[in-house]
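Q: Sharing a structure below in structure tokens format, with a few things to ask.
Every read-out reported here was derived from the displayed coordinates using simple, explicitly stated rules and does not represent laboratory data. These figures come from a predicted structure and were not determined experimentally. Quick reminder, even Gly has a Cβ in these numbers, built from the backbone with ideal geometry, and neighbours come from all protein chains shown.
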Amino acid sequence: MAASATMEQLGELTRRLNEAEAWGLSSLECSNYVDAIRSCFRGLELPAVEQLQIVIVNYHLEHDIVEALRNRSHNDHGVRWSNWSSLALRILLMKYRYVSTSDAVATNIDDLVQEAMSNLWLALDSFRYQSRFQTWAYTVISNCFVRAHRASQMHKRAVALRSTSLEQLQDTSDLPPPALVPSPEDETASRALAALVQTVLAQHHDTRLGVIFYLWAHEDQPLRVIGDRLNLSVPRVHALLGQALQLLRNEPTIREWSHLSS
């Protein structure tokens, strides 16, 4: 196992990356980076040098986002959480689509989104920039679905045990669990929702909204890649994506899809 880095190495790595990547940080800003990263590992050893470089780069790219989410008085706090609430809904709906109707998690999707966002809030203090924030947050949200699905399955098994004989249990105990595959009804609903989303966005005078949303939601492309394809800056892509999401949130026919019982 590689030895953990020292504070001196953290400072030196930060200065080197600042030069190599042309971040343009002042000496004071580099020092602030060092203090903030060390604070993330309070009570813990710093990672090895190779991993620490990743931490520094991730911190540079995403500390503004994380700070806005953590700080209730931050100007972007509400907007950031609104964006992540929309993303949580998209992640959870996608996972619902790949669970057959008979296996669907027995809970309201709105409640599950709220639970996922609560889990994200509670876990924020444990984020140490060892991965991209989106990857980490996706895992937190996905784990919320996994726990809900597992609880639903345990409940169904408990009900089944009360009406199943010992012989039946023995006959089926070696069978593998059913695969979580989309049912034909789920696939049809998913296609209908995608078509509805594109119809709503196509009505906007800026045709880039539909393209950007499709690349982001269906091809899971990062904003940087989308910007490269459309010759747009990342902030501009972010703004247009936010505009597309707001249009969808304001569309009554889209909002109905957040209630899976309909």
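Q: At 7 Å along Cα-to-Cβ for each site, give me the label-to-label distance between SER73 and HIS218 in nm.
A: Going from the SER73 label point to the HIS218 one covers 4.5 nm.
Q: Moving on to the next point. Could you calculate the contour length gain from GLN134 to ASP111, that is, 0.36 nm times the residue separation minus the distance between their Cα atoms, to one decimal place in nm?
A: Between GLN134 and ASP111, full extension yields 6.1 nm more.
Q: ALA48's amide H: which non-local residues (gap 5+, or another chain) put their own amide H closer than 5 Å, with H modeled 1.01 Å from N in plane and none for Pro or chain starts?
A: The list, which skips near neighbours in sequence, is ALA5.
Q: Starting at 0 and stepping by 10 Å, how many percent of the alpha carbon pairs of the stretch 1-72 end up in each bin?
A: 19, 55, 25, 2
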